[in-house]
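Reviewing the structure listed below.
Every read-out reported here was derived from the displayed coordinates using simple, explicitly stated rules and does not represent laboratory data. Everything numeric in this text was worked out from a predicted model, so none of it was measured. Glycine gets a Cβ as well: all are built from the backbone with ideal geometry, and neighbour counts include every protein chain shown.
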Amino acid sequence: MRTRVVVLGAGFGGLELTTILSSTFGEAIDVVLIDKADSFVFGFSKLDVMFGRQTPVQIRYSYTDIVKPGVRVVQSVVRSIDPAARRVVTDAGAFDADVLVVALGADYDVAATPGLAEGGHEFYSVVGATALREVLPRFEGGPAIVGVTGKTFKCPPAPSETALLLHDYLTARGRRSATEISLVMPFGTPVPPSPDTSQALLTAFAERGIRFVKDNVVRSLDPGRKVAVLQDGTEMPYALFLGVPVHRVPKVVAESGLAAPDGWIPVDKKTLATSFPGVYAVGDVNGVGTPKAGVFAEGAARVVAKALIAEIRGEAAPAAYDGAGSCYVEFGHDLVGRVDVNFLSGPKPTGTFRAPSEALVAEKKEFGSSRLERWFGRPR
Ligand SMILES: Cc1cc2nc3c(=O)[nH]c(=O)nc-3n(C[C@H](O)[C@H](O)[C@H](O)COP(=O)(O)OP(=O)(O)OC[C@H]3O[C@@H](n4cnc5c(N)ncnc54)[C@H](O)[C@@H]3O)c2cc1C
């Protein structure tokens, strides 16, 4: 009998896992990939959209393009997950699994930051980034804040990238000298595991006159007075507020009993297995201890794929997950740097920095197009 694998969420984690299982087993496996959306979007494309480098249509890759042996893609909302029975209920019916992989990512809770919806702009969703295409061209100057509102958020370099890209954007529009840019972050340095990356970013901020406000988060906005209130009570005036919203485990996961009371799904660090037999959690939805980023979701999916392949073939279990990944960092001035981080191999996270270059711009492009080729069969 074919092993039934049900994958919840067709993001970085779900797409990578599905692709490996299909290319390994073809029709000999039964994979159902479920997502409520009709298309995939790279996280970093939201920056391209907000700053007008790409349109919202250009960044979407339709799930109907996924034609893989052994794989059925179902567009539907997951309404409930029973991890003990490995049974999932969606708007398109119920699915029973031999192996269930939860890759539903992280949701945003804009309302958790009072005043953000009324007085600021989140740029982490496609909707938020798209709305900013109308706002940024009309911004004439004053204090601009790129502000993180929670301690855990996707792609820790993204707020720093946004501040640098905002500098370029306003410079090109002739509005930079009329604007003071500040970046509020919950860390002491921009990318804590990599002191070299952090130093390069701090130098770039200093060169451009961007103020780095460390070890703090924005708790609320007062739209009437146009001030952002930080965790320590400091008030910062703003004319433009670009916010990273509070992140939460998706509601359906919270209700399933899979998540820890205070957050994400606990997993075995080596295997990504949950405490329920045959149930794994990969990517942003888990609490494995790596940053919430696509490269880590993808790496976790590869480990689970290898484990399933070994199990089905009766082979030895694969090597443990190492929590390693490379993140590209937009430095502005049309250059991209890279940080290679490893979270789980040693006693503490380590990171290596590669300085911004045009070669890394090309490498980032290749990173995206290679995924599109693998996951969607798009020619490069
Ligand atoms: C501005 C920005 C820049 C970023 N830059 C980078 C970068 O340069 N490099 C990098 O590696 N990462 C980057 N990221 C982070 C990256 O996008 C995420 O970490 C990554 O997408 C996580 O993958 P995932 O598979 O865990 O979840 P996701 O890719 O978020 O996929 C989860 C899927 O689950 C679906 N879903 C959720 N709930 C339900 C439900 N109830 N029913 C059905 N479907 C559901 C969603 O529609 C979604 O498709 C960035 C993110 C942002 C916001």
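Which value results for Rg/Rh of region 1-138 when Rg is the Cα radius of gyration and Rh the Kirkwood radius based on the inverse mean 1/r? Reported Rg/Rh (Cα atoms, Kirkwood Rh): 1.06. Estimated from the Cβ-Cβ distance and a Förster radius of 30 angstrom, the FRET efficiency linking Arg374 and Ala172 is about 0.30. As a size descriptor, the averaged projected area of the C-alpha convex hull of the chain was calculated at 18.6 nm². Looking at the chain alone, DSSP beta bridges between its own residues are antiparallel in about 50 percent of cases. Under a model in which nothing but the beta-carbon of Lys, Arg (+1) and Asp, Glu (-1) is charged, region 110-247 shows a dipole of about 160 debye around its Cα centre. Other residues lying with their Cβ under 11 Å from the Cβ of Gly120 contribute a combined charge of -2, Lys and Arg counting +1, Asp and Glu -1. When the P(r) of region 269-380 is calculated, the portion above 23 Å amounts to 41% of the C-alpha pairs. Relative to the longest principal axis of the Cα atoms of the chain, helix 126-135 runs at roughly 20 degrees. With a Förster radius of 30 Å applied to the beta-carbon distance between Ala317 and Ala260, the computed FRET efficiency rounds to 0.75. With the cut-off at 1.5 for a/c, could you classify region 110-247 from its C-alpha gyration tensor as rounded, prolate or oblate? In terms of gyration-tensor shape, rounded.
In this structure, the pairs whose alpha-carbon distance is over 29 Å, taken from Lys214/Lys270; Lys292/Lys365; Lys151/Lys269; Lys306/Lys364, are Lys214/Lys270. In this rough spin-label picture, where each label sits 7 Å from Cα along the Cβ direction, the Gln199-Glu366 distance is 2.8 nm.
Dividing the summed -39500 (n - 2.57) terms of all DSSP H runs of n ≥ 4 by the residue count of the chain sets its mean residue ellipticity at 222 nm at -8500 deg cm²/dmol. Springs between Cα atoms under 10 Å define the GNM used for the chain, and in it the highest mean-square fluctuation of Arg53, Arg219, Arg79 occurs at Arg53.
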